[in-house]
Amino acid sequence: METIELKSQLHRLIDQLNDPVILDQYYEEIKRIVNLSKSGLWDSLNEDQKQEVLLSFEESENDDNLVDHETVMKKYNQWRIG
């Protein structure tokens, strides 16, 4: 699919949504992606890396997948210098 067609399809899908919460979530996600692409960081990743970042983001939405800061610090404190 070419860019123009993709944009058109995306607009059609968005137009079908009426839930303001879902619309806001999509808006924030698209805004985040646009901001990443402007920074150049996103563009510097290969496709596998991009997919891994997107998968990690999805997984982070589930609180069961998160590790609290204290646990991480205890685990990696051995590597700290000083």
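Dividing the C-alpha radius of gyration of the chain by 2.2 N^0.38 Å, with N its residue count, gives 1.53.
With a Cα cut-off of under 29 Å and a minimum spacing of 8 residues unless on different chains, the lysine pairs in the range 3-79 number 6. Here the range 13-36 and the range 55-82 have alpha carbon centers that stand 28 Å from each other. The trypsin sites (Lys or Arg not before Pro) of the chain that DSSP puts in a loop, and whose beta carbon has at most 12 other beta carbons within 10 Å, are Arg80.
Where a number appears in this text, it was derived from the coordinates with a stated rule and is not lab data. Owing to the predicted nature of the structure, the values given are computational and were not obtained by experimental measurement. Positions of Cβ are backbone-derived with ideal geometry, glycine not excepted, and every protein chain shown enters the neighbour counts.
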